[in-house]
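The values are calculated or read from the model by the stated rules, or taken from the named source; none is laboratory data. What you see is a predicted model, and the numbers here were worked out from it, not measured in a lab. Virtual Cβ from ideal backbone geometry, glycine too; neighbours counted across all protein chains shown.
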Amino acid sequence: MPRGHTDKKLLLKGIKYMAFVIPLLILTTYIFTFIFLNKETRLFYILLPLAILGMAGTIWLGFKGLKTIMKAVFH
């Protein structure tokens with residue numbers, strides 16, 4: 001592969017990661033809001049750890065997507 005060209009397959013893979021990040025970010029934010037508005041139910045204790053793990057996974061997937069895109073463009 002000549003220097004200075006973008007790896008299109010790797011770029012598409014990074015864009016797919018980022019396409020999953022946007023809905024996950026909205027969903028986990030909604031779950032956090034729902035949990036903290038309904039503190040008096042037992043659902044709070046069940047969903048809070050899942051929401052924290054979901055948000056951590058979303059952040060990790062976002063960094064992985066950005067890293068893949070940067071590798072495709074600058075590698």
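When you scan the range 5-53, how many residues do you find that are of a type in the set (S, T, N, Q) and touching a Lys or Arg at 6+ places or on another chain (Cβ under 8 Å)?
0
Have a look at L61, L47 and point out the one that is among the hydrophobic types (A, V, I, L, M, F, W, C) and closer than 24 Å to T6 by Cβ.
On the way: L47 fails: closer than 24 Å to T6 by Cβ.
One residue alone meets the criteria, L61.
Restricting attention to the range 5-44, and to residues there that are among the basic types (K, R) and at pLDDT 85 or above, which single residue is surrounded by the most Cβ atoms within 10 Å (Cβ to Cβ)?
So the first thing to find is which residues in the range 5-44 are among the basic types (K, R), and the list is 8-9, 13, 16, 39, 42.
Imposing the further condition that a residue be at pLDDT 85 or above reduces the set to 8-9, 13, 16.
Values: K8: 9, K9: 9, K13: 16, K16: 12.
This residue is K13.
Would you mind stating whether F44 is of a type in the set (F, W, Y), assigned to a helix (DSSP H, G or I), without any contact (Cβ under 8 Å) to a residue 40 or more places away in the chain and in contact with a helix residue (DSSP H, G or I) (Cβ under 9 Å, 6 or more places away or on another chain)?
Details: of a type in the set (F, W, Y): yes; assigned to a helix (DSSP H, G or I): yes; without any contact (Cβ under 8 Å) to a residue 40 or more places away in the chain: yes; in contact with a helix residue (DSSP H, G or I) (Cβ under 9 Å, 6 or more places away or on another chain): yes.
Here the answer is yes, as F44 does meet what is asked.
Output the residues belonging to the range 47-69 that are without any contact (Cβ under 8 Å) to a residue 12 or more places away in the chain and aliphatic (A, V, I, L, M).
I52, L53, A56, I59
So, in the range 56-75, of the ones that are of a type in the set (G, A, S) and out of contact with any Phe, Trp or Tyr (no Cβ under 6 Å at 6 or more places or on another chain), which residue ends up surrounded by the fewest Cβ atoms within 10 Å (Cβ to Cβ)? Give the derivation first.
Of the range 56-75, the ones of a type in the set (G, A, S) are 56-57, 62, 65, 72.
Then drop every residue that is not out of contact with any Phe, Trp or Tyr (no Cβ under 6 Å at 6 or more places or on another chain), which leaves 56-57, 62, 72.
Details: A56: 11, G57: 14, G62: 17, A72: 18.
Among residues in the range 56-75 that are of a type in the set (G, A, S) and out of contact with any Phe, Trp or Tyr (no Cβ under 6 Å at 6 or more places or on another chain), the one surrounded by the fewest Cβ atoms within 10 Å (Cβ to Cβ) is A56.
Taking the range 1-52 as the region of interest, how many residues are charged (D, E, K, R) and more than 18 Å from T68 (Cβ to Cβ)?
Within the range 1-52, the subset charged (D, E, K, R) is 3, 7-9, 13, 16, 39-40, 42.
Subset that is more than 18 Å from T68 (Cβ to Cβ): 3, 39-40, 42.
Residues in the range 1-52 being charged (D, E, K, R) and more than 18 Å from T68 (Cβ to Cβ): 4 in total.
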